[in-house]
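S.K.: Below is the structure I would like to discuss, written out as structure tokens.
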């Protein structure tokens with residue numbers, strides 16, 4: 001609330017402070033984000049294929065609480081959601097027009113390869129690490145749903161543990177308001193494109209109020225009645241949209257591009273993750289893209305990881321980790337292959353490119369105009385954006401409520417109401433921050449803010465992983 005008040009009344013000063021602090025972090029800790037991401041992927045694969053992978057979250061007789069379909073739908077809706085609509089066309093095209101580094105690969109494959117890299121294994125490894133450690137503490141150690149519970153063997157001081165929980169809450173809130181800010185701005189971009197303009201900041205703020213209200217209602221209903229139902233509907237609607245575009249495009253070209261890019265992504269994953277040698281895009285490119293993405297995934301890791309842990313009762317660590325790393329990553333890769341390859345072909349057929357897909361908030365709406373029923377697809381996209389944001393916010397509200405209600409698995413509804421209100425206020429402040437001056441936008445403000453708020457949590461994840469290994473090996 002303090003941040004919201006400062007941003008409301010001293011917007012430009014707040015942005016300038018965030019800008020200078022984020023530059024300092026980029027210069028001194030940017031590459032640490034990269035190394036942490038690669039370390040998480042390798043660590044989780046090591047756990048999954050080791051004897052520790054047989055550990056079950058619950059009793060030996062415990063069966064998975066949710067089906068694979070429901071489980072996959074909920075983890076994907078909570079963990080990615082609106083982001084894949086925001087970047088579906090814009091990011092692959094940007095990478096095609098501005099290659100991250102010089103490569104012998106076809107420009108289209110390189111563009112998709114770097115997009116895969118930023119949305120793939122590393123993002124889900126951040127989530128998976130959190131889900132594994134919290135799930136183990138919750139269902140094996142019988143501890144409360146508190147982040148500090150994962151390191152209580154290493155840290156006995158109660159004030160320090162409280163500080164860890166507060167840090168987690170702050171990181172979660174900023175990651176969440178970033179997602180709502182970007183999502184509502186994209187919906188606003190869609191409204192302007194479809195209806196010919198006239199929708200500004202006030203409309204975006206009204207959208208944030210509507211989404212926060214719907215998310216509060218869903219979180220009020222709980223996991224099974226609210227969150228699970230909306231998550232399944234989201235995935236079904238997204239799959240229908242994906243299949244429509246896939247079938248209406250060059251199917252063979254998409255499949256070839258998807259297969260080739262996936263192979264190159266796996267082969268080049270380690271040097272890309274280290275920005276090593278020819279795979280180094282440079283500090284400015286890394287700051288605008290990779291450092292920002294890693295900060296975003298880190299900011300989402302607490303609530304997404306805990307939510308995944310909460311719905312993973314009855315699964316082994318191997319099932320949890322391989323499921324989290326592979327299922328959503330492959331789905332995301334195919335999504336970007338369908339939209340990216342089709343956009344590449346449009347540009348090639350046009351003969352020239354006049355920045356049609358440059359605007360991150362309207363690119364997908366411009367893209368759909370090239371298909372039959374483009375207007376209907378644009379309306380469906382806006383509906384899907386709202387529902388994806390609702391499922392991200394409702395799961396986060398539920399998790400934040402667990403944090404502050406003494407780690408209860410089913411927190412009181414009073415906490416859910418309070419968090420819904422706090423998140424709405426902070427989102428409105430961020431939207432104001434992103435419209436403070438003509439030279440900045442919501443995306444710029446979000447990038448700078450997340451690089452700051454995610455840093456303490458990045459260091460904490462290292463401690464969390466070390467403590468987890470000590471506890472499991474001791475047993």
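The values are calculated or read from the model by the stated rules, or taken from the named source; none is laboratory data. Model, not experiment: these values are computed from the prediction. Here the Cβ positions follow ideal geometry from the backbone for every residue, glycine too, while neighbour counts run over all protein chains shown.
S.K.: Taking residue 285 and the conditions (1) surrounded by 19 or more Cβ atoms within 10 Å (Cβ to Cβ); (2) closer than 21 Å to residue 91 by Cβ, which numbered condition does it fall short on, given that it satisfies the others?
M.R.: Residue 285 satisfies every listed condition except (1).
S.K.: Of these, 380, 442, 397, which one is within 20 Å of residue 186 (Cβ to Cβ), touching a helix residue (DSSP H, G or I) at 6+ places or on another chain (Cβ under 8 Å) and modelled with pLDDT under 85?
M.R.: Answer to the selection: 442.
S.K.: Of the residues that sit in the stretch 14-34 and are surrounded by 13 or more Cβ atoms within 10 Å (Cβ to Cβ) and more than 19 Å from residue 170 (Cα to Cα), which one is modelled with the lowest pLDDT?
M.R.: Applying the filter and picking the extreme gives 26.
S.K.: Across the stretch 126-161, what is the total count of residues that are in contact (Cβ under 8 Å) with a residue 60 or more places away in the chain, over 16 Å from residue 407 (Cα atoms) and assigned to a loop (DSSP other than H, G, I, E, B)?
M.R.: Of the residues in the stretch 126-161, 2 are in contact (Cβ under 8 Å) with a residue 60 or more places away in the chain, over 16 Å from residue 407 (Cα atoms) and assigned to a loop (DSSP other than H, G, I, E, B).
S.K.: Taking the condition surrounded by fewer than 24 Cβ atoms within 10 Å (Cβ to Cβ), in a helix (DSSP H, G or I) and out of contact with any strand residue (DSSP E or B) (no Cβ under 6 Å at 6 or more places or on another chain), does residue 164 pass?
M.R.: Here the answer is yes, as residue 164 does meet what is asked.
S.K.: Sticking with this structure for a sec: Could you tell me which of the residues 100, 92 is within 22 Å of the chain's Cα centre (by Cα), in a loop (DSSP other than H, G, I, E, B) and closer than 28 Å to residue 257 by Cα?
M.R.: After applying the criteria, what remains is 100.
S.K.: Quick one: which of 341, 287 is part of a helix (DSSP H, G or I) and under 30 Å from residue 68 (Cβ atoms)?
M.R.: The match here is 341.
S.K.: Okay, next question. Which one of the conditions (1) under 22 Å from residue 269 (Cβ atoms); (2) not in a helix (DSSP H, G or I) does residue 58 fail to meet, given that it meets all the rest?
M.R.: The failed condition is (1).
S.K.: Among the residues of the stretch 347-386, what is the count of those that are surrounded by 13 or more Cβ atoms within 10 Å (Cβ to Cβ) and outside any helix (DSSP H, G or I)?
M.R.: 11
S.K.: Give me a count of the residues in the stretch 396-415 that are more than 17 Å from residue 426 (Cβ to Cβ) and either under 20 Å from the mean Cα position of the chain (by Cα) or not in a helix (DSSP H, G or I) (or both).
M.R.: So the answer is 9.
S.K.: Right, here's the next one. Cβ-Cβ distance below 6 Å, separation of 6 or more or different chains: which pairs start in the stretch 83-104 with a residue that is over 16 Å from residue 385 (Cβ atoms) and end on one that is at pLDDT below 95 and not in a helix (DSSP H, G or I)?
M.R.: 93/357; 100/281; 101/281
S.K.: Just to be sure before I move on: is residue 467 in contact with a helix residue (DSSP H, G or I) (Cβ under 6 Å, 6 or more places away or on another chain), assigned to a helix (DSSP H, G or I) and within 24 Å of residue 339 (Cα to Cα) in the structure I sent?
M.R.: no
Here is a yes/no grid of residues against (1) under 17 Å from residue 452 (Cβ atoms); (2) touching a helix residue (DSSP H, G or I) at 6+ places or on another chain (Cβ under 8 Å); (3) assigned to a helix (DSSP H, G or I):
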{"residue": "4", "(1), (2), (3)": "yes, yes, yes"}
{"residue": "8", "(1), (2), (3)": "no, yes, yes"}
{"residue": "20", "(1), (2), (3)": "yes, no, yes"}
{"residue": "32", "(1), (2), (3)": "yes, yes, yes"}
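S.K.: Looking at (1) at pLDDT 95 or above; (2) in contact with a strand residue (DSSP E or B) (Cβ under 6 Å, 6 or more places away or on another chain), which one does residue 41 not meet, given that it meets all the others?
M.R.: Only one criterion in (1) at pLDDT 95 or above; (2) in contact with a strand residue (DSSP E or B) (Cβ under 6 Å, 6 or more places away or on another chain) is unmet by residue 41, namely (2).
S.K.: Moving on. Being without any contact (Cβ under 8 Å) to a residue 40 or more places away in the chain and closer than 16 Å to residue 471 by Cα is the filter; apply it to the stretch 47-62 and report the residue that is surrounded by the most Cβ atoms within 10 Å (Cβ to Cβ).
M.R.: So, considering only residues that are without any contact (Cβ under 8 Å) to a residue 40 or more places away in the chain and closer than 16 Å to residue 471 by Cα, the one surrounded by the most Cβ atoms within 10 Å (Cβ to Cβ) is 50.
S.K.: Give the number of residues within the stretch 2-13 that are over 17 Å from residue 170 (Cα atoms) and surrounded by 13 or more Cβ atoms within 10 Å (Cβ to Cβ).
M.R.: The total comes to 3.
S.K.: Sticking with this one: Has the stretch 103-112 got at least one residue that is at pLDDT 95 or above and either under 21 Å from residue 320 (Cα atoms) or surrounded by 24 or more Cβ atoms within 10 Å (Cβ to Cβ) (or both)?
M.R.: Within the stretch 103-112, one or more residues are at pLDDT 95 or above and either under 21 Å from residue 320 (Cα atoms) or surrounded by 24 or more Cβ atoms within 10 Å (Cβ to Cβ) (or both).
S.K.: Is there a residue being at pLDDT 85 or above, crowded, with 18+ Cβ neighbours inside 10 Å and more than 24 Å from residue 201 (Cβ to Cβ) anywhere in the stretch 445-458?
M.R.: Within the stretch 445-458, one or more residues are at pLDDT 85 or above, crowded, with 18+ Cβ neighbours inside 10 Å and more than 24 Å from residue 201 (Cβ to Cβ).
S.K.: Here is a check on your reading of the model: is residue 67 surrounded by fewer than 22 Cβ atoms within 10 Å (Cβ to Cβ) and touching a residue at least 12 places away in the same chain (Cβ under 8 Å)?
M.R.: no
S.K.: Report yes if residue 307 is part of a helix (DSSP H, G or I) and under 23 Å from residue 189 (Cα atoms), otherwise no.
M.R.: The answer is no for residue 307.
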